[in-house]
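Here is the structure we will look at.
The values are calculated or read from the model by the stated rules, or taken from the named source; none is laboratory data. If you're wondering where the values come from, they're calculated on a predicted model, not measured in any experiment. Positions of Cβ are generated from backbone atoms using ideal geometry, with glycine treated the same way; all protein chains shown enter the neighbour counts. Accessible surface areas use protein heavy atoms only, side chains included; no ligands, DNA or RNA. Shrake-Rupley method; radii C 1.70, N 1.55, O 1.52, S 1.80 Å.
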Amino acid sequence: MDYDLHIHSALSPCGDDEMRPTNIVRMALLNGLSLISVTDHNSVSNQQAMAQAAKTYGIAYWYGVELQTKEEVHVLGYFRNEADVEGFDTWLRTVRDTTVNRIDHFGNQYLLDENDEVLGQETDSLILSLSAGLNECVAQIKKAHGNVVLAHVMDRKNGILRQLAFIPKNLNFDGIEITQTDQRETLIASYPWLSKKTFFLNSDAHRLIDIHDAGQTMSEEEIEAFWRNEP
Ligand SMILES: [Zn+2]
Ligand SMILES: [Zn+2]
């Protein structure tokens with residue numbers, strides 16, 4: 001399956017206002033993708049609408065989120081069941097900063113339905129870090145039967161190597177996100193045990209035009225192995 005598992009909807013403050021469920025799904029199909037996930041910052045409030053739009057248009061969907069931990073590390077969480085993501089949301093709301101988002105400065109945080117209609121705004125500022133640390137965030141994703149992927153590990157301000165300067169071996173994660181194919185080799189040279197993890201190359205799209213074309217592929221077997229935590 002050709003995938004892109006790191007896309008932001010207009011709920012993320014940095015996500016373009018046109019990043020709405022049906023728009024995202026239609027662009028993904030146009031690009032030849034068959035599996036997607038929207039991973040908004042510190043919120044899962046658009047997940048139901050995304051899953052519904054994906055179902056309507058016949059593209060596989062994983063529920064997703066991109067957490068910003070207390071250490072400012074970005075961690076992706078994936079879930080396969082609506083009940084699991086709802087359970088996770090209950091915890092997430094207890095560790096989110098309730099400072100009100102400044103729309104004029106950070107952008108809209110649209111709550112959307114599956115037909116791309118705006119239902120309102122998330123008022124909590126999603127750009128701020130959670131009060132939970134990396135270990136707790138990972139543990140809570142796991143507790144909700146989710147899988148954990150460390151986001152853009154070698155890149156950008158919030159990759160784990162920028163924030164912590166190393167990847168802890170005892171952290172219970174399942175996958176690693178890279179932004180260039182050759183980063184896999186570089187990472188395994190420093191951390192040989194990473195060869196047992198699943199590697200992903202996603203777009204981190206904040207605009208429709210940045211959603212990946214087909215080309216990053218996982219077989220059904222690789223996907224099942226990822227969910228069984230045995231790549
Ligand atoms: Zn990120
Ligand atoms: Zn992102």
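Some notes on this structure:
- All positions within region 108-156 that are more than 16 Å from ligand 1 (Cβ to nearest atom) and β-branched (Val, Ile, Thr): Val118, Thr123
- Scanning region 181-207 for residues that are away from ligand 2 (no atom under 16 Å from the Cβ) and either touching a residue at least 24 places away in the same chain (Cβ under 8 Å) or part of a loop (DSSP other than H, G, I, E, B) (or both) returns Thr181, Asp182, Gln183, Thr186, Leu187, Tyr191, Trp193, Leu194, Lys196, Lys197, Thr198, Phe199.
- Checking each residue in region 157-166 for being in a loop (DSSP other than H, G, I, E, B), within 16 Å of ligand 1 (Cβ to nearest atom) and not small (Gly, Ala, Ser) picks out Lys157, Asn158, Leu164.
- All of (1) under 21 Å from Met19 (Cβ atoms); (2) open to solvent by 80 Å² or more (accessible area, probe 1.4 Å); (3) not in a loop (DSSP other than H, G, I, E, B) hold for Val149 with one exception: (2).
Residue-wise test of (1) hydrophobic (A, V, I, L, M, F, W, C); (2) touching a Pro at 6+ places or on another chain (Cβ under 7 Å); (3) more than 24 Å from His105 (Cβ to Cβ); (4) modelled with pLDDT under 95.
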site: Ile127; (1), (2), (3), (4): yes, yes, no, no
site: Leu130; (1), (2), (3), (4): yes, no, no, no
site: Glu136; (1), (2), (3), (4): no, no, yes, no
site: Ala139; (1), (2), (3), (4): yes, no, yes, no
site: His145; (1), (2), (3), (4): no, no, yes, no
site: Lys157; (1), (2), (3), (4): no, no, no, yes
site: Ile160; (1), (2), (3), (4): yes, no, yes, no
site: Gln163; (1), (2), (3), (4): no, no, no, yes
site: Leu171; (1), (2), (3), (4): yes, no, yes, no
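- Going through (1) surrounded by fewer than 21 Cβ atoms within 10 Å (Cβ to Cβ); (2) outside any loop (DSSP other than H, G, I, E, B); (3) touching a Phe, Trp or Tyr at 6+ places or on another chain (Cβ under 8 Å) one by one, Ile127 falls short only on (2).
- Residues of region 208-224 that are surrounded by 15 or more Cβ atoms within 10 Å (Cβ to Cβ) and either free of Cβ contacts under 8 Å to residues at least 12 places away in the same chain or part of a loop (DSSP other than H, G, I, E, B) (or both): Asp210, Ile211, His212, Gln216, Met218.
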